[in-house]
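Novice: Just dropping this structure here.
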Amino acid sequence: MRTSGLDTIRAHRSSTGITLQRETPAQYPADRPHRLTVGSYDEDGRPTYAEVLLDRDSVEIALQPGRVVVPDAKDDTWAKVRLDDTSLTNLATVLPKIEDGRTRAVIWNSLRDATADAELDPRVAFEVLLSAIPHEDSDIAIGSLLRWAEERLLGLYLPYEPYRRRLAEVLTATLAQTQPGSSRQLAITRALIGTSDDADLLQHWLDGEEVPDGLQIDTDLRWSLVLRLVRLDVFGAVEIGAELARDRSTEGVAAAAKCRAALPAGKEEAWARLMADAEVGVNELFAVAEGFWHPAQAELTAPYVERYFSEIAGTAALRFGMALPLATSRIFPRFAVGERTVELAGQVIADDNVAPSIGRSVADATDDLRRALAVRRTFG
């Protein structure tokens, strides 16, 4: 922690054991020692450990490599962890059997980070995720992983379909086996609502019918259901208005605005609120931005991608303080992964007439876009 940068630690298999390798980033050269635990796991997830001091570029370990080998299995050090090809091949069957939550967290962090760095095929990460969902018993982990799936994998690193459908199928089966009333049940339900195309089921839940035991369809879940039904083109302005009549709270007004922004016929009105309405409140503004973009509506919202870059500078006259950069980030067309989007973003970033806070926010969002583009280029 005294030097900049982050080392990468890899395990390489050999006939005599395991070679642990340390890679230091070229832009931040440093000699950082790592004291850590290497775990070798058999087909049943049973571990054999070796304590290691990695104080040079490579260290030989007398540890028989199992089906899965995890450097830093107990999360002892600060470094990127990368899994070898054999471990990745076996991970879908072995990971659900590993009992130590720390090790599972190390593995998940490695998969997410390697995917974002275009070092791991997102399809591999997705398959591991599907295999682990029915078995992951940490409600915190399952909530984090499902948000990652919805926010990064679906529509950003991977095509929205057929991966959305496959995730929804696994979530449906898992929900039926989940402990009623648990936080895990709630996390799985939220993700299922966001990915299911079973409009009949979603409407039944909204009507209080066929609801899983222990699940409370509260106001927040009701709005999630309405939003999903809007995106499935089952609900429209009338149904949104009816739900708003039930919930006229500040949160309800924002949720209704999000739903209206998701309407195919409501895009132009939503865009006007995002780019020209100085009176809209911050919470409602962010809700409109969240409802506007969605990977399933990429073709519908394609004309607004160029409009974002031509109009975003003008919002400096409407918003002030933190609201300006935050709104810039929320409105950014994050699912428009392509060279043209990066090119347009570069023009805004390089324009000295653009408010600095807008330029910084566009630059940050573009970094995520470049990462997604690199993933798609590398793995198709």
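Any read-out appearing in this document is the output of simple, stated calculations on the displayed coordinates, not a laboratory observation. This is a predicted model, so every value here is computed, not measured. Every residue, glycine as well, gets a Cβ built from its backbone with ideal geometry; the counts of neighbours run over all protein chains shown.
Novice: What do you reckon, is Thr172 surrounded by 20 or more Cβ atoms within 10 Å (Cβ to Cβ) and among the hydroxyl-bearing types (Ser, Thr, Tyr)?
Specialist: Considered against the rule, which asks whether it is surrounded by 20 or more Cβ atoms within 10 Å (Cβ to Cβ) and among the hydroxyl-bearing types (Ser, Thr, Tyr), Thr172 comes out as no.
Novice: Can you tell me which condition Ser14 does not meet? The list is (1) closer than 26 Å to Lys97 by Cα; (2) surrounded by 12 or more Cβ atoms within 10 Å (Cβ to Cβ), and all the others hold.
Specialist: (2) is the only condition that Ser14 fails.
Novice: I've got another one for you. One residue is enough: does the range 91-98 have a residue meeting the conditions closer than 15 Å to Arg67 by Cα and either among the small types (Gly, Ala, Ser) or free of Cβ contacts under 8 Å to residues at least 12 places away in the same chain (or both)?
Specialist: Yes, some residue in the range 91-98 is closer than 15 Å to Arg67 by Cα and either among the small types (Gly, Ala, Ser) or free of Cβ contacts under 8 Å to residues at least 12 places away in the same chain (or both).
Novice: Ok, one more. For the subset of the range 25-57 comprising residues that are in a loop (DSSP other than H, G, I, E, B) and surrounded by 17 or more Cβ atoms within 10 Å (Cβ to Cβ), which member is nearest to the chain's Cα centre (by Cα)?
Specialist: Among residues in the range 25-57 that are in a loop (DSSP other than H, G, I, E, B) and surrounded by 17 or more Cβ atoms within 10 Å (Cβ to Cβ), the one nearest to the chain's Cα centre (by Cα) is Gly45.
Novice: Tally time: how many residues in the range 73-120 are of a type in the set (Asp, Glu) and within 15 Å of the chain's Cα centre (by Cα)?
Specialist: Qualifying residue count for the region: 2.
Novice: Given the conditions (1) over 24 Å from Leu167 (Cβ atoms); (2) over 23 Å from the mean Cα position of the chain (by Cα), report the number of the one that Ala254 does not fulfil.
Specialist: Only one criterion in (1) over 24 Å from Leu167 (Cβ atoms); (2) over 23 Å from the mean Cα position of the chain (by Cα) is unmet by Ala254, namely (2).
Novice: If you take the residues of the range 157-212 that are of a type in the set (S, T, N, Q) and not in a loop (DSSP other than H, G, I, E, B), which of them is nearest to Arg371 (Cα to Cα)?
Specialist: Thr195
Novice: Of all the residues that make up the range 334-367, how many are touching a residue at least 12 places away in the same chain (Cβ under 8 Å), more than 16 Å from Pro303 (Cα to Cα) and among the small types (Gly, Ala, Ser)?
Specialist: 6
Novice: Continuing with the same structure: Confirm whether Thr77 is of a type outside the set (D, E, K, R) and either surrounded by fewer than 19 Cβ atoms within 10 Å (Cβ to Cβ) or not in a strand (DSSP E or B) (or both).
Specialist: Yes: the conditions hold for Thr77.
Novice: Checking the structure you have, find out if any residue of the range 102-113 is out of contact with any His (no Cβ under 8 Å at 6 or more places or on another chain), touching a residue at least 12 places away in the same chain (Cβ under 8 Å) and outside any helix (DSSP H, G or I).
Specialist: no
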